[in-house]
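Input: a single structure, listed below in structure tokens.
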Amino acid sequence: MGLFDKLRAELIDIIEWVDDSRHTIAWRFPRYQNEIKNGAQLIVRPGQMAVFVHRGQIADVFEPGHYELKTDNLPILSTLAGWKYGFNSPFKAEVYFVNTRQITDLKWGTPNPIMLRDADFGPIRLRAFGTYTMQAVDPKALLRELIGTDSSFQFDEINELMRSIIASSFADLLGESKISALDLAANYRELSEQLRQNTVEKVDDEYGLNVPQLFIVNVSLPEEVEKAIDTRSSMGVIGDLGRFQQFQMGQAMMAAAENESGGGASEGMGLGMGFAMANQMVQGMGQAGGAGAVPPPPPVSAWYIAVNGKSEGPFDLNQMAHGAQAGQVSRGTLVWSQALGEWKPASEVGALGMIFGPPSPPPPPPAS
């Protein structure tokens, strides 16, 4: 190789970057000891910008296009290098290519729960996550604040910083908006746009970055709060709890009546639920009467009945009457009250005679 060929090999004729990665933000052209000659070709592809750095100072910036490097299109570098009347000899300069395309499929989230004072639940902890896109818009600021002298700058090197900025902005946004936790889902679109704007304010001038899109995908409550909400929703679906209890007791009584092998236990369960239902019905009728209705008279005596060797009660006279009509109390059922002082069959207690209706007449005398 001759001397002329050797010198030619040390000169750079074409400066370009063919980017085959998805998350590379900036890349420095590998000049090593080579020099850029006068009239070299600079190729900046769509989605790129090229920045010339001379002795640590940022010089000229080139947008997408095909350039022939001369004094005319290197005004800042000409001033820094002292080229008053142009240059004919090769020169040394660092060339950085910056990726200006949107980097997509980026995720953010709150590393720790955010403490808030909610209108419905009081103090509460919330977590959130979502997606966003990022784009370099000011290569000079990016070089000064983040890239420095790195030969290659990947998104992973700024990922944690972006997540922290978004999470901090989200906490501030929730505190200022004062939207209750149950209404957050209905405001995802507005909150996402406001969060994007707040994030851009912190990274555009400082780092030369833009966030074209940012979305809140989900805001979640603690597990115990979600269970409480599910329980509350179930109660709302049930509606009138008193009617629901009456329905359940009626179903249980029917099941007990159909269970022929239940014996005394089934009869006792049916008797207890029958009295409970009668009590609810009496209370319901009292409430239905409204404020102007005459309240029922207080019970004269509290009655207890014997069921399978156990005492059930106390029941007032109205409840005993409902039990007799339902077949739960018979004339032979043992009853007790404080006035009686001992257990007696219901048929022997005068105060309970009215609950069984008028007595049946004796058989007529034989015909003469």
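The values are calculated or read from the model by the stated rules, or taken from the named source; none is laboratory data. Since this is a predicted model, take the numbers as computed values, not measurements. No Cβ is skipped: glycine too gets one built from the backbone with ideal geometry, and neighbour counts run over all protein chains shown.
Some notes on this structure:
- All conditions but one from (1) modelled with pLDDT under 90; (2) surrounded by 13 or more Cβ atoms within 10 Å (Cβ to Cβ) apply to residue 171; the one that does not is (1).
- Taken together, 106, 191 contain a single residue that is crowded, with 16+ Cβ neighbours inside 10 Å, part of a strand (DSSP E or B) and among the aliphatic types (A, V, I, L, M), which is 106.
- Scope the range 17-64; condition in contact (Cβ under 8 Å) with a residue 24 or more places away in the chain, in a strand (DSSP E or B) and aromatic (Phe, Trp, Tyr); matching residues: 27, 52
- All conditions but one from (1) over 18 Å from residue 202 (Cβ atoms); (2) in a helix (DSSP H, G or I); (3) basic (Lys, Arg) apply to residue 144; the one that does not is (1).
- Restricting the range 192-215 to residues that are of a type in the set (A, V, I, L, M, F, W, C) and within 15 Å of residue 168 (Cβ to Cβ) leaves a set whose member that is modelled with the lowest pLDDT is 203.
- Annotation: of all residues in the range 59-74 being closer than 22 Å to residue 18 by Cα and buried (at least 16 other Cβ atoms within 10 Å of the Cβ), the one that is farthest from the chain's Cα centre (by Cα) is 69.
- Residue 99 vs. criteria out of contact with any Lys or Arg (no Cβ under 8 Å at 6 or more places or on another chain), buried (at least 18 other Cβ atoms within 10 Å of the Cβ) and more than 30 Å from residue 182 (Cβ to Cβ): yes
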